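The values are calculated or read from the model by the stated rules, or taken from the named source; none is laboratory data. In this text the structure is predicted, and so the values were computed from the model without any measurement. Counting neighbours? That spans all protein chains shown, and the Cβs are built from the backbone with ideal geometry, glycine included. Keep in mind that these areas ignore ligands, DNA and RNA; they rest on the heavy atoms of the full protein, side chains included. Shrake-Rupley method; radii C 1.70, N 1.55, O 1.52, S 1.80 Å.
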Amino acid sequence: MKHRVINLNPSQLLVLVFAVFIFIGTILLKLPFATEDSITWLNALFTATSAMTVTGLAVVDTESAFTLFGEIVIVSLIQLGGLGIMSFAILIYMVLGKKIGIKQRIVVQQALNQTSIGGVILLVRNLFIFSLTIEAIAMLLLAIRWVPQFGWGKGLYYSFFHSISAFNNAGFALWSDSLMGFVGDPIINIVITLLFIIGGIGFTVLADMWRKKRFRKLSLHSKMMIIGTFIINLVAMFIIFILEYHNPNTLGGLNSLGDKLWASYFQAVTPRTAGFNSLDISALQEDTIFLFLILMFIGAGSASTGGGIKLTTFLVILFSVITFLKGKEETVLGKRAISLTIVLRSLAISTIALFLICLGIFIMNITEEAPFIQVVFEVISAFGTVGLSMGITGSLTAIGKAVIIFVMFAGKLGPLTMAFSLANATESRIKYPREDVLTG
């Protein structure tokens, strides 16, 4: 009897592996000893997907709904999703001394969003060493603050959980109000934000900085990420401080200028896919919410633990538009020309992302009772794997939850990966005559 061999392309394999681990996570979270009270299969699937895609949206309160076993399952899914399942698989291959073939390298390249398969294995090894080191250091720093407050057992566990959640840009917290209880705490603000900024800047950038040491020697991608991250965070902090300063439910309700600045800083960096919050998101002004929507859509960096269309994608499109308006044909950044392929790829990513978001908003606007702005916020937060919410996650209908599950899944894997998993790209050898089409 002949067995039919199913050949999957790297994108399809990546989608399948993620789906399998989400399914396993769902089963584990549905076990009787994983929850304090029984939860539905849909809520278990939602939580597993949110953890695996490092989003942080929660239909049930993490601390009160899950036992220690359930929380360990969640944090394990976060680590798997953040660093990448295929990266873990490659690490196991390396430990066992097995040969890593071209197909495995291509899948890792796809998972880490690299431009070539060269050096991906070394990147995986360095990724693990760096990530675990950073998480361990952060855990110790958080323990300095939480052990005196909660005791050794709870303090160390909370430090362990939140260091992994923050570095992987997951946004899962063991408090129902996230980190609102630490709004003006310097240690918590600095450690948590540094974790998700480092995790969100991208492993490619971190590896480049480690190798080259000097800024001027860095690749164009690394320079774009570092400068872009600094500027966008600084501008966002200033805007939030101005817009929310007199809002009695956010910054206006804080006593000192220091607390207001810490809160502005934290809320400025968290929409870049981190998911934690130290202010009540539902109490923000609508203009601040609009800023959040932009930041969540842009997201973090390529080959990072974050989501969104990615900062470099946004910058390539922005400078391509500027180039067109100037009447030039070639997009130039930092004395380097950006290829047309990269420009088209950036446009494809953004277009597919907008289509998915609009489809999700359209469906949920029909099925949910929530105001339109809250629905928009929820969908974009899910796509950007951010995890921030205006408070409607727990009251979503079954269809609403299903939509958010799909959007989180698509947002984590990336629009192009999802598109390539549905259709195999083929290169056409036929050339057709050109003809102009009226646009604009």
Report task. Would you grab the residues whose amide H sits under 5 Å from the one on Thr331? Only those 5+ places off in sequence or on another chain, please, with H modelled 1.01 Å from N. Result -> Ile338
**Report entry** Positive dipole terminus of the chain, leading residue within Leu127, Thr67, Phe238 (C-beta point charges)
**Finding:** Leu127
Report summary line: For Thr67, the net charge from surrounding residues (Cβ-Cβ under 12 Å; K, R +1; D, E -1) works out to -4
**Report entry** Exposure rule at most 14 other beta-carbon atoms within 10 Å, DSSP loop trypsin sites (Lys or Arg not before Pro): the chain longest free segment
**Finding:** 100-212
Report task. With +1 on each Lys and Arg Cβ and -1 on each Asp and Glu Cβ, and nothing else charged, work out how big the dipole of the chain is about its Cα centre, in Debye to the nearest 20. Result -> 2580
Query raised in the report: Using modelled amide H (1.01 Å from N, peptide plane; none on Pro or chain starts), what sits under 5 Å from the amide H of Leu174, excluding residues fewer than 5 places away?
Result: none
Report task. Give the ranking of Glu330, Glu369, Glu71 by solvent-accessible surface, highest area first, calculated with a 1.4 Å probe. Result -> Glu369, Glu330, Glu71
**Report entry** Derived scalar couplings ³J(HN,Hα) [the range 130-137; Karplus, 6.51 cos²θ - 1.76 cosθ + 1.60; whole Hz; x for Gly, Pro]
**Finding:** 5, 4, 5, 5, 4, 5, 5, 5
Report task. May I ask you to work out the translational diffusion coefficient for the chain at 10 °C, viscosity 1.306 mPa s, via Stokes-Einstein with Rh from the Kirkwood sum over Cα pairs, reported in whole µm²/s? Result -> 70
Query raised in the report: For the chain, what is the accessible area per residue in Å², given a 1.4 Å probe and the full set of protein chains?
Result: 49
Query - Top positive-direction residue, dipole computed over the chain with Cβ charges, set Thr193, Ile137, Ala398 - result: Ile137
Query raised in the report: In whole percent, how big is the carbon plus sulfur part of the accessible area of the chain, probe 1.4 Å, protein atoms only?
Result: 66
Report task. Could you name the aspartates and glutamates whose alpha carbon sits less than 13 Å from that of Lys30, not counting residues in the same chain fewer than 8 places away? Result -> Glu71
Report summary line: Amide H contacts under 5 Å for Thr35, restricted to residues at least 5 apart in sequence or on another chain and with H modeled in the peptide plane, are Thr67
Query - Karplus (6.51, -1.76, 1.60) ³J(HN,Hα), θ = phi - 60°, over the range 42-56, in Hz, Gly and Pro reported as x - result: 5, 5, 5, 5, 4, 5, 5, 5, 4, 6, 5, 8, 6, 8, x
**Report entry** Among the listed pairs Lys217/Lys335; Lys223/Lys335; Lys335/Lys431; Lys223/Lys310; Lys335/Lys412; Lys213/Lys335, those beyond 23 Å (Cα-Cα)
**Finding:** Lys335/Lys431; Lys335/Lys412
Query - Selection from Phe203, Gly151, Leu257, by position along the positive dipole direction of the chain (Cβ) - result: Phe203
Requested in this report: Considering only protein heavy atoms, with the full assembly of protein chains and a 1.4 angstrom probe, order Leu347, Leu179 by accessible area, largest first.
Outcome: Leu347, Leu179
Query raised in the report: In a solvent-free Debye calculation with one equal scatterer on each Cα, what is log10 I(q)/I(0) for the range 239-339 at q = 0.10, 0.23 Å⁻¹, listed in the order of the q values?
Result: -0.39, -1.09
Query raised in the report: Each residue of the range 392-401 in turn: what ³J(HN,Hα) in whole Hz from Karplus with 6.51, -1.76, 1.60 and θ = phi - 60°, glycine and Pro shown as x?
Result: 9, 4, x, 9, 5, 6, 4, 5, x, 5
Report task. Would you calculate, for the chain, the mean residue ellipticity at 222 nm contributed by helices, counting each DSSP H stretch of 4 or more residues as -39,500 (n - 2.57) and dividing by all residues, to the nearest 500? Result -> -21000 deg cm²/dmol
